[in-house]
Amino acid sequence: MAELPRTAVAIAAAVRSGEVSAAEVLEAHLAEVDRREDEVHAFNLVTADAARAAAAAVDRRVAAGEDPGPLAGVPLALKDNLCTRGVPTSCSSRILETWCPPYDATVVERVAAAGAVPLGKTNLDEFAMGSSTENSAFGPTRNPRDTGRVPGGSSGGSAAAVAAGFAPVSLGSDTGGSIRQPAALCGVVGAKPTYGLVSRYGLVAFASSLDQIGPFAATVADAALLLEVIAGHDPMDSTSIDVPPPALGAGLDGGVAGLRVGLVSELTGEGIAPDVAARVRQAADALAAAGAEVGEVSVPATAHGLSAYYLIAPAEASSNLARYDGVRYGLRVDGATTAEMNTATRTAGFGAEVKRRIMLGTYALSAGYYDAYYGKALKVRTLVVRDFEAAYERFDLLLAPTSPTTAFRFGDKTDDPLAMYLNDVCTIPSNLAGHPAVSVPFGAGADGLPVGVQLLAPALGEATMFRAAAALEAAAPPLEEAYA
Amino acid sequence: MTLTNEPVEGEVYTVTSDATGQEWEIVVGLEVHCELATATKLFCGCPNQFGHEPNVNVCPVCLGLPGSLPVLNEQVVELAMRLGRALHCTVEPSVFARKNYFYPDMPKDYQVSQYDQPINVDGWLDLPDGTRVGIERAHIEEDTGKNTHAGGSGRIHGADYSLVDYNRAGVPLVEIVGRPHVRHPEQAKTYVDELRAILLATGASDAKMEEGSLRVDANVSVRRVGDDALGTRCEIKNLNSLRSLGRAIEYEARRQVDLLESGDRVHQETRHWDESAGRTRPGRSKEEADDYRYFQEPDLVPLAPGDDWIAAVDAALPVLPAARRDRLAGAAGVEATATAVVVAVQRDLDELALAAIEAGADGPRVLTHVEHNLAVEGAADLDPVAFARLVRMEVDGQLTATQAKTVLGEVLATGGDPEAVAAEKGFEAMDTSELEGVVEEVIAANPSEWDDFRQGDDKRRGKLQGFFVGKVMKATRGQADGKAVTALLEARRTGG
Amino acid sequence: MSDRLTRDDVAKVADLARLALSDAELDLFTEQLGAVLDHADDVAALDLSEVAPTAHPLPLINVVRDDVVRPCLDREEVLAQAPAVEDGRFRVPAILGEEP
């Protein structure tokens, strides 16, 4: 693929100008898929035929003198919890294994309208519940950097697809870190937007007040471009903010001079692997060297964020997943009565982690326990919001690790759910507050595996956040450079 | 078991035990669900229409497909507020909540409703009999789909399998929760009637029980007369008509009294009205009470209608039945609880009556006609001025009550002037001197009977009065007013 | 192992959620869920009486749409995904309980 452009920005420009055809760009990527997909298993389904038709359509439009859009000819992978009309959307669950939605998610419509070429549905932890993609009912995805290691989760497939070069960009979803954490573990860029900036219509719900769709890319510029395309008000989503899509690409190289960046003190010490912590400090230094004012800030509520999240998210999930009852679509395991059929279907169709979270959530909402668990968690959420507000009075952005460790081995944390949940400690607070955050690759850890560094911003602070992310990207040590 | 109906301060209906003579009072709280008359469903743009092919008015949202999201219909808020304000509720900022339970007619296996912050609170409804029934709340919620049961008797028990249609899923409802202020099966029916009139007047719903756009559940309990505490209540469902409502409350009251009188307790439960058997039956017993795990709906944002919107709703409210009764009663100089007033408003004839009164007609007479002689199609189109003239003729004695009724019927049927119709029928007024003349002639023609009449005892006099009135009526070919004739005879008898 | 969440609790909750658990699963989940709830003890220790809950990260209110009809789904496309269909309706086994 030496001569062909590799980034989404470059591909779109080349295809729009006629310099390169969408078809040849697609074939090059499909060839990569052929080469390594068996090993990586990023996809639940590769939709090569549909992709070829889409690429051909883009090329026809260019030939007719039309502009196919800002993502013209860009191959793109979609997390398999995004509804694609007529194409199976399984959420990596047996219960939806063969379900074909009769409609497209809003983001799917928007990327298609922008000229993108979707080439497949990527693997995830079942119903987006997990941090390693080991909870997929269809087998895990492997980290392209080291196939003995997890890619992270829940959007492991989308992260791996970009890391393996199957597509320059992909879409994932982030509820407690499910874009940022796999981005960090796979060494790519992953961003979660402000809650409400991107429509959730067509995203199979996990935890409604936390879920957001966001981009994966190999570069900050590509991630910004994709976010621009999918963001902006959607009348089909009541929680969608009434703003037009933000302009992010233009200001990317504005630099960070004068920007106040606070390193989150609670996420620098205990609980964070030393090599990760070191890379974060190095990132802080890099920003300072580029003109930012870097300091430290305490965000105490981050300590309680994990507990609150693991009550709020399962509670909402327990309700969101009730609809999988074997009546209208998906798996049905018969029973003598409807109730028996419901139970048999759900018992057979859901994996252990999903069951665990459904029960945790059901319990947290139960009569008698609501105030102690769910009710209290909502109050902790207020504390997190308040602590962020206080922090953003002194700083424009916050800096933290994305994941406490680099990619772990398969099976390392599957016996201990709590240990698995701890992977999300750096990412969860942003979801609770509804704030944007981005993970940027910043060198390798002690084991040579990618480390991601996280920038956090206040609500609708994407422009500043991406600008700083670009600066970090420019200063980042290459992955190949050994950790010292 | 005897039922006594003893009006005590409003109406009190008591059930008296034959065995102990203990009097029991019935306490009823009604929950009414109304389908709102919007073009589309609560959270999606599917048509809100009755009676189509199954599963054609559906979309990802009302089917609850994975990834779908609700968006609130503005007209639902408008109608809910109209209804709330018509019931004197306070409109509050509100949120939506999920009520979680599994049932096949529920596409999401949770219902979006309002729980601890409903849109309308603390209102009331004034009944024609003067009772004020408190309205605890009137909140917005979505309707479920419809199950039909196949195999067996077509009812749920004994069915082999069921079929589900989601056309109705997501239709907007307002649930009106009345406080337990109803004391009487008839009163319960009146409450529903009054509510229906309000729903129609505000345009909020077409409120048809037979089509399911108005559904009534009754919470019934009993207590000894004089007790303040409420007894254990049972919720009665499957009431498909007003008649069922009344019958079910009566049955349930007796059932509970029987239980309590025999030393048993009433178990709090849901019961179903069996129309053909004329009794309530317990629902299937559940091992545990349902735990609905209510929590705020995260896919919707809070609702806080601004003061301008509420003011606009208030300004646009039509005159409601209670106000119409008050208005008519005031104009006619009678009580608002008078049957004629109630009937006039029910039949939408109050505007007519008011106009007639305004044109100078005697209020009570107008009301009498409305109550007894205007229960016909097109009565509202009667010209109020003509009506007023007719009533004037009657009050002046030119027409008897019977004649007036006939003239009225004719005027209604064919239009036309009451004077002309009266003349055509020969109902011309007999003036008093003419009548006196006829009375003298009849007296002169029957001297011995007249002596008897003057001197006889009450009984004899009564009989002879009838004799003389009859003679005068015959002589005037029925045109004399019986009362006038009687008065003349009496005056003649006493005055000489 | 937490003693706040009992095996019975888990069994009841599984029932509410229409999940059938084996004995082994019941034991395992009781332990695992207990551990998660124990971890939430840090929250239990906080005095949150003066703190209002945040149900939602957004300050949005009054999001509504016009009462205008939009196209519905094609029934065939919908029913094609259904496990069992009869007469244009979704077919399910006998329903025992009544609508709550």
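Observations, loosely collected:
- Summarising the amide proton neighbourhood of B:Glu92: residues at separation of 5 or more, or on other chains, whose placed amide H is nearer than 5 Å comprise B:Asn120, B:Val121.
- Exceeding the 26 Å Cα-Cα cut-off - candidates B:Lys41/B:Lys189; B:Lys237/C:Lys12; A:Lys379/B:Lys99: B:Lys41/B:Lys189; B:Lys237/C:Lys12
- By DSSP, the beta bridges lying fully in the protein assembly as shown are antiparallel in about 80 percent of cases.
- Burial ordering of B:His369, A:His233, fewest other beta-carbon atoms within 10 Å first: A:His233, B:His369
- Taking the number of Cβ atoms within 10 Å of each Cβ as an exposure proxy, the fewest-first ranking of B:Cys234, A:Cys91 is B:Cys234, A:Cys91.
- Under 20 Å from the Cα of B:Lys474 - lysines, other chains or at least 8 residues apart: B:Lys425, B:Lys463, B:Lys483
- Summarising the label geometry, the points placed 7 Å from Cα in the beta-carbon direction at B:Asp348 and A:Arg409 lie 8.3 nm from one another.
- Measuring nothing but how far apart in sequence close Cα pairs (under 8 Å, 6+ apart) lie, relative to its length, chain A scores a relative contact order of 16 percent.
- Relative to the longest principal axis of the Cα atoms of chain B, the long axis of helix B:482-495 lies at roughly 40 degrees.
- Remark: C:Lys12, A:Lys355, B:Lys463 ranked as B:Lys463, C:Lys12, A:Lys355, counting other beta-carbon atoms within 10 Å and listing the fewest first.
- Sorting B:165-172, C:33-40, A:115-122 by average packing, meaning the other beta carbons within 10 Å per residue, from highest down gives A:115-122, B:165-172, C:33-40.
- Shape of the stretch B:419-495, Cα gyration tensor, a/c cut at 1.5: prolate
- Partners for A:Lys413 among lysines (Cα-Cα distance below 27 Å; same-chain residues under 8 apart left out): A:Lys79, A:Lys121, A:Lys192, A:Lys355
- Taking 15 Å as the cut-off, no amide N atom of the stretch A:190-217 comes nearer than this to a point 7 Å along the Cα-to-beta-carbon line of A:Ala250.
- If you plug the beta carbon distance of A:Glu97 and C:His39 into 1/(1 + (r/R0)^6) with R0 = 25 Å, you get a FRET efficiency near 0.15.
- The amide H of A:Thr122, built 1.01 Å from its N in the peptide plane, has A:Asn44, A:Leu78, A:Lys79, A:Asp80 as neighbours under 5 Å, considering only residues 5 or more places off or on other chains.
- Partner shielding of A:363-371 amounts to 6, given as the average count of beta-carbon atoms from other chains within 10 Å of each residue beta-carbon.
- Cα shape, the stretch B:24-315, gyration tensor, a/c 1.5 rule: oblate
- Translational diffusion of the protein assembly as shown was estimated from the Stokes-Einstein equation, with Rh taken as the Kirkwood radius over Cα pairs; at 4 °C and 1.567 mPa s the coefficient is 39 µm²/s.
- Note on A:Thr147 and A:Ala390: with the Förster distance fixed at 41 Å, the Cβ-Cβ geometry gives a FRET efficiency of about 0.40.
- For the stretch A:36-71 versus the stretch A:112-148, the inter-centroid distance based on Cα atoms is 18 Å.
- Cα gyration tensor category, rounded, prolate or oblate, for the stretch A:3-122 with a/c compared to 1.5: oblate
- Relative to the longest principal axis of the Cα atoms of chain B, helix B:363-373 runs at roughly 70 degrees.
- Between the alpha-carbon centres of the stretch C:73-100 and the stretch B:358-424 there is a gap of 60 Å.
- For chain A, the share of DSSP beta bridges that are antiparallel, to the nearest 5, is 65%.
- Here the stretch A:302-420 is treated as a sphere whose radius is the Kirkwood value from Cα pairs; by Stokes-Einstein at 37 °C and 0.692 mPa s it diffuses with a coefficient of 191 µm²/s.
Any read-out appearing in this document is the output of simple, stated calculations on the displayed coordinates, not a laboratory observation. Keep in mind it's a predicted model, so treat the numbers as computed, not measured. Neighbour counts run over all protein chains shown; Cβ positions are idealised from the backbone, glycine included.
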